[in-house]
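Please read the structure below before turning to the comments.
The values are calculated or read from the model by the stated rules, or taken from the named source; none is laboratory data. Here the structure is a predicted model, which is why all the values come from computation and not from measurement. When we count neighbours, we look across all protein chains shown, and the Cβ atoms used for this are built from the backbone with ideal geometry, even at glycine. The accessibility values were calculated without ligands, DNA or RNA, using every heavy atom of the protein model including side chains. Shrake-Rupley method; radii C 1.70, N 1.55, O 1.52, S 1.80 Å.
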Amino acid sequence: MHPVRWNASRNKSLLALEDSPLKMRLLSVSLVLLVTLVGISLHAQTLPNSPLSSGLLAARAYKAGLLHPVGVSQFTPGSETLTCSPAPCVLPNVQASEGGSPVNEDPIATNLKNAAQLLTGGNDYNCSNIQGFYASGDGGSTWTHTCFPGSGGDGDPIVGYNLKNVAYAGGIQNSSIVLSSSTNNGQTWGTPVVVVGALLGSTADKPWLQVDTNSTSTFVNDLYVSSTQFDASSDSEIVVSHSTDGGKTWTTKVVDTKQIYPNEVDQFSDLAVGADGTVYATWQRCPATGSGGDCGGTVAKMLMSKSTDGGNTWSTAVTVATPTLVPDSCGCAFYGSLPNTSERVSNIPSVAVFGSGATASVYVTYYNWTGTQMQVMMAASTNGGSSFGTPVRVTSSTKGDEFFQWINLARNGTIGVTWLDRRNDPNNLKYQPFVTISSNGGTSFSTSAPLSTTLSNPLDDGFGGGFMGDYRTHVFNGRTMFAAWMDMRSLVSQDEVGGVQF
């Protein structure tokens, strides 16, 4: 028997999950009645086929009683020790989250003023507001756990540090983006401040935080948060909010024009800051014209805009690349489904920058679907993002899908790209985190290496294979790169941290 799945292309009324709590409760009651009448149980916990982010949709479905964590993981500290042979030196894996209920979507940040301090977090279903953050003061060997203050949490965690030893964490709460600060490395958090509300009347979605940590920048220690604004008709636009006072007050600017659904959808922004304080914003634009009435299987645009005045004005968007998105094979994944699963899979154009002004090198990673494989690509600009060259693959593997890519740079310009990779599973289901390094501006990359010897099965995400999040990341501090990912070794998704030294 086929499982029950939400599909907005077949039933537009299901998009009520994007609106009010009352509509969510009515939808919950309706689905329960339907299930009771036809005698079907909701074992496959797929999400509504909506352009909203997976974290937001899952949080709302969970609160409406439509999404139920399955299974309980146990805390597994330091369960894997890795070595330097072959190079690079791969760090031991350590579980940062507390175990128990599922945790997914894993940003990570490091304090450039104190290399021992790290901060990560996740959509944490152990927390009443579904937002948990984990801090380390010993370089990632041990972690403390806090549930984020406030109420109405809808996931999509963000983290960062400034150059004054202040840590920041936030996410979506009550259809707004919020941010809090900590002066004791995430042991306690202040009252969250609203960064930006629902400017188009429906919701603010998929934030990303970037702190200007360039000591020579005019805007050093300024904060930038990008987000997607949706209206009730799923029209969308990318905005960037900035703060010059440590997150107490915020100013928000629209980066590009509003996109009208279903012709185009903007989503999945990322940010980077150059040495001179220039801010670069990237995002995906796709047409909701695929066979499932969504963006799955369509050709998307990866776009970039920049601001040279601290986020007050933004340049005309430049097209970085035009990848093909993976098809929506389950009828439940608006941006395409991870092959052989019902997992929604995002294609965030992760961005990093080295240098200043018109000679800055800008790097953007994304995946491209070839028809048989998801392949991680990188496009590079050597003129400050005015134009981009022909994209290149970061690895030559022909086995298994590559997804949830990320890029970040060391201070000397060394490029690190990480992603989740299925090459070592002949069934193209289980994955490992992989890394590759380039020391020549992306002209060539090192042989890719796994960050873990343990393979994770996405069907063990803690939601029956229907929700593993939208992103995971990495960051550099000196010659050490720390990476975080959704790890299923305990049979329920948890936030795992590892990395490399080079």
Item to check | Single match in 103, 166 (criterion: farther than 30 Å from residue 231 by Cβ and open to solvent by less than 10 Å² (accessible area, probe 1.4 Å)) | outcome: 103
Next on the checklist: Could you go through the range 159-181 and let me know if any residue there is in a loop (DSSP other than H, G, I, E, B), in contact with a Ser or Thr (Cβ under 6 Å, 6 or more places away or on another chain) and free of Cβ contacts under 8 Å to residues at least 40 places away in the same chain.
Outcome noted: yes
Checklist entry - Looking at the range 263-270, is at least one residue part of a loop (DSSP other than H, G, I, E, B), in contact with a Cys (Cβ under 9 Å, 6 or more places away or on another chain) and on the phi < 0 side of the Ramachandran plot? => result yes
Checklist outcome for this item: Here the residues within the range 466-487 that are part of a loop (DSSP other than H, G, I, E, B), buried (at least 24 other Cβ atoms within 10 Å of the Cβ) and not acidic (Asp, Glu) are 466, 467, 468, 469, 471, 473
Checklist outcome for this item: Within the range 228-246, the residues that are under 15 Å from residue 197 (Cα atoms) and not in a strand (DSSP E or B) are 231, 232
Checklist entry - Among the numbered criteria (1) in contact with a Gly (Cβ under 8 Å, 6 or more places away or on another chain); (2) within 20 Å of residue 108 (Cβ to Cβ); (3) open to solvent by less than 20 Å² (accessible area, probe 1.4 Å), which single criterion is violated by residue 173? => result (2)
Item to check | Only one of 160, 152 that is touching a strand residue (DSSP E or B) at 6+ places or on another chain (Cβ under 8 Å) and at pLDDT below 95 | outcome: 152
Checklist outcome for this item: Residue hits (the range 115-127; open to solvent by 10 Å² or more (accessible area, probe 1.4 Å) and free of Cβ contacts under 8 Å to residues at least 60 places away in the same chain) are 116, 126
Checklist entry - Do you know which residues across the range 192-213 are open to solvent by 30 Å² or more (accessible area, probe 1.4 Å) and within 19 Å of the chain's Cα centre (by Cα)? => result 210
Next on the checklist: For the structure I just gave you, tell me whether residue 116 is in a loop (DSSP other than H, G, I, E, B), modelled with pLDDT of 95 or more and aliphatic (A, V, I, L, M).
Outcome noted: yes
Checklist entry - residue 365 is checked against (1) open to solvent by less than 10 Å² (accessible area, probe 1.4 Å); (2) over 22 Å from residue 444 (Cβ atoms) and fails just one. What number does that condition carry? => result (2)
Checklist outcome for this item: If you go through 130, 158, the only one that is open to solvent by less than 10 Å² (accessible area, probe 1.4 Å) and in contact with a Pro (Cβ under 9 Å, 6 or more places away or on another chain) is 158
